[in-house]
Amino acid sequence: MRYAFVTGADRGVGLGLAKGLLERGLYVFAGQFAEAGGELARLEEAFGGRLKVIPLDIDNAESVSKAIAAVSGITDRVDILINNGAILGDIEATIEDGLDFEEMDKVFRVNALGSLRMSNGLIGPILNSDSKLIVNISSEAGSIGSCWRTACMLIACQRRR
């Protein structure tokens, strides 16, 4: 049996990745940030014993520790870790606006440190695997050249001056 862990698996890309991995025969640990139920509950019904839904807030060390303990109760290895969990924050504000630094701090903790927290916490099980695959999901907002958002473009234009 191969094992995968997907953060942010309760909707969108994460849900699609979890479903695709299940369809390919993997056992999936699905990190769920939202309330229980929804699409993950339907996947549990469809794939029975190969999906373990784990409540997970990657910004919270205790939540991550509990998730890692849940994994270790089932297996000593993780073949694929997909760090998909993230939050968006304010995409309208530019450097010229009043910025919400508390919100920005939360976005950084979730999007950057959350992935690192998961990778660090699962490094033992990942190293026990023959695959040893960690995937970090991002968006075009992580690229100055490809970002279509106005706030990104303003920063890119300022850098080109």
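Across the chain, the relative contact order, built from alpha-carbon pairs under 8 Å that are at least six residues apart, equals 23 percent. Would you mind working out the accessible area per residue for the chain, using a 1.4 Å probe, and quoting it in Å²? Value returned for the chain: 57 Å² of accessible area per residue. In order along the stretch 7-15, phi translates into HN-Hα couplings of 7, x, 8, 8, 6, x, 4, x, 4 Hz, rounded to whole numbers, per the Karplus curve 6.51 cos²θ - 1.76 cosθ + 1.60 with θ = phi - 60° and x for Gly and Pro.
Length available on full extension from Arg42 to Arg109: 0.36 nm per residue minus the Cα-Cα distance, which gives 21.1 nm.
Label positions at Ala70 and Ile95, each projected 7 Å from the Cα along the C-beta direction, are separated by 4.1 nm.
Compared with the dominant principal axis of the Cα atoms in the chain, helix 61-72 is inclined by about 30°. Here the label points at Leu88 and Leu116, each 7 Å from Cα along the C-beta direction, are separated by 2.6 nm in the simple model. Remark: the chain is approximated by an ellipsoid whose semi-axes, taken from the C-alpha gyration tensor as √(5λ), come to 32, 16, 15 Å, largest first. Here the accessible area of the chain is 53 percent carbon and sulfur, with a 1.4 angstrom probe and all protein chains present.
Backbone phi angles across the stretch 128-136, fed through the Karplus curve with coefficients 6.51, -1.76 and 1.60 (θ = phi - 60°), yield HN-Hα couplings of 6, 8, 6, 7, 6, 10, 10, 10, 10 Hz in residue order; Gly and Pro are listed as x. Relative protection proxy for 5-18, 68-81, 101-114, from highest mean packing down: 5-18, 68-81, 101-114 (other beta-carbon atoms within 10 angstrom).
The values are calculated or read from the model by the stated rules, or taken from the named source; none is laboratory data. Please read these numbers as outputs of a predicted model, since none were measured by experiment. Ideal geometry is used to build each Cβ from the backbone, glycine not excepted, and the neighbour counts take in all protein chains shown. For accessibility, only protein heavy atoms count, side chains too; no ligands or nucleic acids. Shrake-Rupley method; radii C 1.70, N 1.55, O 1.52, S 1.80 Å.
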